[in-house]
Amino acid sequence: MDKLLIRGGRQLNGTVTVSGAKNAALPELCATLLTPEPVKLLNVPRLQDVATMRKLLGHMGVQTQTHGERGGMSFSAAGPITPEAPYELVKTMRASVLVLGPLLARFGHARVSLPGGCAIGSRPVDQHIKGLTAMGAEIAVEHGYMVAKLAAGRTRLKGARIATDMVTVTGTENFMMAAVLAEGETILENAAQEPEIPDLAEMLIQMGARIEGHGTSRIVIQGVDALHGCTHRVVADRIEAGTFLCAVAAAGGDVVVQHARIEHLEAVVEKLRDAGVTVTKVPDGIRVQSGGAAQLKAQHFRTTEYPGFPTDMQAQFMALNTVAKGSSLVTETIFENRFMHVNELVRLGANIQIDGKVAMVEGVRVLSGATVMATDMRASASLVIAGLVAEGETLVDRIYHLDRGYDQMETKLRGLGADIERVKS
Ligand code: EPU
């Protein structure tokens, strides 16, 4: 298992380029199942999760190949498709559940493993099942698999009004991909508004789908008989961008985060500015300037759905709070167990207490390097940020979590002047 060795204390300077968004690329790879015509995606990030999704599509019979420009990938679901997502692949990546909507929409049946629990919380898929059932699917759970087919007498899914109990990102995406080929109108109430949703909608519209309201909490879709191929560029990864903003804020320096879209990061940018960091919009990017930990003021924040503060940025911003002046309350409202980085940050000298959904962080003057263990993707990023500011050497173990969701994080940080290297084992 690879590790990252970081010698802290260096400022970050220069330009770093953000890759395509993981959480847009994953549903968009699944959307290629919706048509027999070739689909081309550009700016696909080089990540373990993308490799896993590609493997899953390949297992089902989708032909995939990389090409040309870095991040270019083409897909053809023209041949015979086996609409089955096996446990071996689904267990490593929950986003595999995103094949359910497109498979039902185009083939009328699917067998997809239940994803099971996950380090950050129980993460059920009851809403996915409820919504697709409203669209005319019958879904039974058998031997750990969701076995889905069309209700008797139906030849395709039907439009429906779906109001989920909570805002769900992949749920909204599954319903969108199901509804584009369903008969009639689907209305998604309480839809997720994360920028990955309009990005997927734009791809589907290019394929011939009729969608309105994407980017709001009410999406209306008129089903069409068939979709065609398209070329689509994956939107820039706002969480990767936000991670670099926090890294520079904590370590100090002056960096342009290229391709980052400030309008996708408003809640994070506002907190960074309140913390004393200068964040400005520049052409095709965001510039971040910080005097480093000694100049930072701790910030309270609470995670909520977009456009609120993203749960996927909670761990990284908490790392910054550990070395900022003052105390802060960090409240996690989306996942019940997303504080696993806390004990590792404490090993680096942070002062944090957890009380249910709230972490109380008392800023300390310095962190001191130690060996720490990554527990999930964003927790790993938070430990890397802490390592960049800690005195001495920090060894972050189990970085396969980081590799699932960050495209060459250590190479990009090294380009900014960080002393960081991958240790192969
Ligand atoms: N939920 C249910 N039932 C459902 C669906 C969701 O109870 O059927 C609950 C979840 O357990 C959670 C809340 O609703 O408490 C919101 O979960 P959501 O469905 O929105 O999460 P997700 O779609 O599984 C995506 C991202 C996550 C990100 C969350 C929240 C992808 C592939 N994943 O997950 O990304 O944290 O939305 O924004 O888009 C990450 O990138 O590190 C990551 C975990």
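The values are calculated or read from the model by the stated rules, or taken from the named source; none is laboratory data. Computed from a prediction, not measured in an experiment: that's the story for all the values here. Positions of Cβ are generated from backbone atoms using ideal geometry, with glycine treated the same way; all protein chains shown enter the neighbour counts. Surface accessibility is based on the protein's heavy atoms, side chains included, excluding ligands, DNA and RNA. Shrake-Rupley method; radii C 1.70, N 1.55, O 1.52, S 1.80 Å.
Quick look at the numbers
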| item | result |
| --- | --- |
| For the chain, radius of gyration divided by Kirkwood radius, i.e. Rg to Rh on alpha-carbons | 0.98 |
| Distance in nm between pseudo-label sites at Asp284 and Phe107 (7 Å out along the Cβ direction from Cα) | 4.0 nm |
| Cα point-scatterer Debye curve for segment 333-425, base-10 log of I(q)/I(0) at q = 0.14, 0.18 Å⁻¹ | -0.51, -0.83 |
| Förster-model FRET efficiency, 35 Å R0, Asp165 and Glu391, C-beta, rounded to 0.05 | 0.15 |
| Kirkwood hydrodynamic radius over Cα pairs of segment 261-371, then Stokes diffusion coefficient at 20 °C and 1.002 mPa s, in µm²/s | 149 µm²/s |
| Per principal axis, descending, Cα span of segment 50-135 in whole Å | 39, 31, 20 |
| Full-extension gain in nm, Ala151 to Ala51, via 0.36 nm per residue minus C-alpha separation | 32.6 nm |
| Among 403-412, 301-310, the order from most to least packed when residues are scored by Cβ within 10 Å on average | 403-412, 301-310 |
| For Val366, distant residues with modelled amide H under 5 Å away | none |
| Helix 48-60 vs. the chain, principal-axis angle (Cα, 0 to 90°, nearest 10) | 10 degrees |
| Compactness of segment 280-332 as Cα Rg over 2.2 N^0.38 Å, two decimals | 1.27 |
| Value of D in µm² per second that Stokes-Einstein yields for segment 223-321, Kirkwood Rh from Cα pairs, at 10 °C (1.306 mPa s) | 111 µm²/s |
| Gaussian network model of the chain, springs between alpha carbon atoms under 10 Å - residue of Val125, Val396, Val384 with greatest fluctuation | Val125 |
| Mean accessible surface per residue for segment 236-281, computed with a 1.4 Å probe while every protein chain stays in place, in Å² | 31 Å² |
| Per-residue ³J(HN,Hα) for segment 370-385, Karplus 6.51 cos²θ - 1.76 cosθ + 1.60, θ = phi - 60°, Hz, x for Gly and Pro | 7, 8, 10, 10, 6, 10, 8, 4, 6, 4, 4, 5, 5, 5, 5, 4 |
| Surface share of carbon and sulfur [accessible, 1.4 angstrom probe, percent] for segment 275-386 | 50 percent |
| Order of exposure, largest accessible area first, which applies to Cys118, Cys30 with probe 1.4 Å | Cys118, Cys30 |
| Surface per residue (accessible, 1.4 Å probe) for segment 2-100, Å² | 37 Å² |
